[in-house]
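The values are calculated or read from the model by the stated rules, or taken from the named source; none is laboratory data. Treat the numbers as computed from the prediction; the structure is a model and nothing was measured. Cβ coordinates were reconstructed from backbone atoms using ideal geometry, including for glycine residues, and neighbour counts include every protein chain displayed. Each accessible area value is taken on the protein alone, full model and side chains, heavy atoms only, with ligands, DNA and RNA left out. Shrake-Rupley method; radii C 1.70, N 1.55, O 1.52, S 1.80 Å.
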Amino acid sequence: MIIKSDYLVMGSGIAGLSFALKAAEHGTVSVLSKLVASDTNTNLAQGGIAAVMGPDDDLKFHVQDTLESGSGLCHLDAVETVVQAGPQMIAELRALGVPFSTLEGNPALVELGREGGHSHRRIIHAKDMTGQAVQKVLAERCRQNANIETLEYHLALDLLTEKNPQGRRPRVTGAWVLDRRTGEVNAYVAKIIVLATGGSGKVYLYTTNPDGATGDGLAIAWRAGAQCANLEFVQFHPTCLFHPKVTNFLISEAVRGEGGVLVNREGEAIMRHHPQGDLACRDVVALTIDAEMKKTGAPCVFLDITHKEAAFIRERFPKIYNTCLGLGIDIAHEPIPVVPAAHYQCGGVLVDNFGRSSLPGLYAVGEVAATGLHGANRLASNSLLEALVMADRAAQASHAEAQSLPMPEAAVPRLWPTGRLGTAPSEAVLITHSWDEIRRFMWNYVGLVRSDQRLSMAQKRLALVKSEINEFFRNFEVDADLVEVRNIAVVADLIIQCAMARKESRGLHFSLTWPNRDDVNFQRDTVLENPHPSILLS
Ligand code: SIN
């Protein structure tokens, strides 16, 4: 079956939904969500949205902080574009009804939080559930919009591209999509295709991301031949809860913003030697924690906010307070055990200042995209802002593009092209083993600290696992677990390729083999080009 709309959006987080709302002013929009629509990274985002709204703040300070955090790799035009649009984006969300925390006695003014790397208070938040508040309102607005159809349990397998591009990069015309409830694969065709699939934290053993963060958009774009960049820059959040039962719960950086102190088991403040203390940039804090854990052999460090009033903690961080309490940790009276965990993919599908990828017709917005904003290390709470601004700009640019385009249909094959003769792999362990193996060697060899030797060991192991996964994919009926592990393998490959290419240490990429920053040779993006685009076999 072929299903058509003007815009096809993959992903239902802040980037996908805000794009959908704007694009729906001009045409029909299909939003695909691979699980329930609220199962997104956005929904878990605690901290907030960085925007210049404080009386003593200025756009130039936000630009400066972003550049500083990005360690010489941010694109100034992207930084200025995103930062300048911040206040407007917040105003739009407030007009839609997002209940940001406001100043007591003055509901017109938003309350501003502080996070690492920010020189001023500028984090607009809804207590410690900002993403959830935004997601809820955007989803409701999309539901009310007759031009938007949200399809849950729909997982994109690969992109459809124009058949004979005659030496040009092929135009993307749609996607093969698996309906996970029926097992059917259908072709979704559109004038404009938008990747808003979020990140890929599940490539690592420990992550703050939800299970769905398997880098699907990045992988399908790569297979179709889109340029990708800067994937060596994986951000590890310094403070993921360390608990045997709950492994991906974030303890927001805002806790340090309100005075939380990282301590070792002796109670010594571990960031005491850094000029910015606990509010240093994330790469610095995560590496310091890692070094402390390695030095002492401790399985975690602690985040202590017990010096604040219990009432303040409960009011400002209700989600963190109640979740920890449910696990037997009263954060008002005892320090929180924390460890670093994979949190954010700073690189992605390479796009311009309007979200356009190197493939005509294909846009990427949000975490899946590399816009140049984050450089070598994302500044806290810049990502939701980037998603809003780039979704807005992509909606403008794609509207202009879509107006002159016919609906692409002739080039679409009628059937999912590979012969699916077998049924799903008879033993699920074949898939789960590959998945575990990738996540473990990525954690050990391609984590916070890398070396040429570790990277080459990871690459060798990945080659074997990838060939097994591709064999499963060719021979068995398509199934969501298989699709995700196939995508994770592509993401791991891209991270390793980028990390191997960068023979220096900078931002989030720290190599024991190349411990110094090298501005002469490496003050540039790592751009990867797929030499053999192939949607079926790669
Ligand atoms: C946090 O609340 O610490 C996460 C904010 C972010 O990742 O930008």
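In the assembled protein chains, Ser38 presents an accessible area of approximately 60 Å² (probe radius 1.4 Å). With kT/(6 pi eta Rh) evaluated at 25 °C and eta = 0.890 mPa s, and Rh the Kirkwood radius from Cα pairs, segment 304-388 diffuses with a coefficient of 156 µm²/s according to Stokes-Einstein. Put a plus charge on the Cβ of each Lys and Arg, a minus charge on the Cβ of each Asp and Glu, and nothing anywhere else: the dipole of the chain about its Cα centre is then about 780 debye. Over segment 467-538, the alpha carbon radius of gyration divided by the compact-protein estimate 2.2 N^0.38 Å works out to 1.46. Heavy-atom accessible area of Met89 with all protein chains present, probe 1.4 Å, nearest 10 Å²? Answer for Met89: close to 10 Å² accessible. For segment 25-65, the solvent-accessible area of protein heavy atoms averages 40 Å² per residue (probe radius 1.4 Å; ligands and nucleic acids excluded). All C-alpha to C-alpha distances of segment 82-173, sorted into 5 Å bins beginning at zero, yield P(r) values of 2, 10, 14, 16, 13, 10, 10, 10, 7, 4, 2, 1, 0 percent in whole numbers. For segment 204-272, the calculated P(r), taken from all Cα-Cα distances in 5 Å bins from zero up to the bin holding the longest distance, is 3, 12, 16, 18, 17, 13, 9, 6, 4, 2, 0 percent. Within the accessible area of the chain, the carbon and sulfur atoms contribute 53%, probe 1.4 Å, all protein chains present. Each eigenvalue of the Cα gyration tensor of segment 249-406, multiplied by 5 and square-rooted, gives one semi-axis; in descending order these are 39, 18, 12 Å.
Projecting the alpha carbon convex hull of segment 147-221 along each direction and taking the average yields 6.6 nm². Straight-line reach from Lys127: taking Cα to Cα under 12 Å and skipping same-chain neighbours fewer than 8 places apart, the aspartates and glutamates in range are Glu111, Glu315.
Volume per residue of the convex hull around the Cα atoms, evaluated for segment 16-144, comes out as 132 Å³. Heavy-atom accessible surface of segment 140-264, averaged per residue, reaches 31 Å², computed with a 1.4 Å probe. Along the axis of the charge dipole computed for segment 421-503 (Cβ charges of +1 for Lys and Arg, -1 for Asp and Glu, origin at the Cα centre), the listed residues Trp435, Asn470, Leu455 are led at the positive end by Leu455. Between the alpha-carbon centres of segment 157-224 and segment 1-23 there is a gap of 13 Å. Largest first, the extents of the alpha carbon coordinates of the chain on the three principal axes equal 66, 53, 49 Å.
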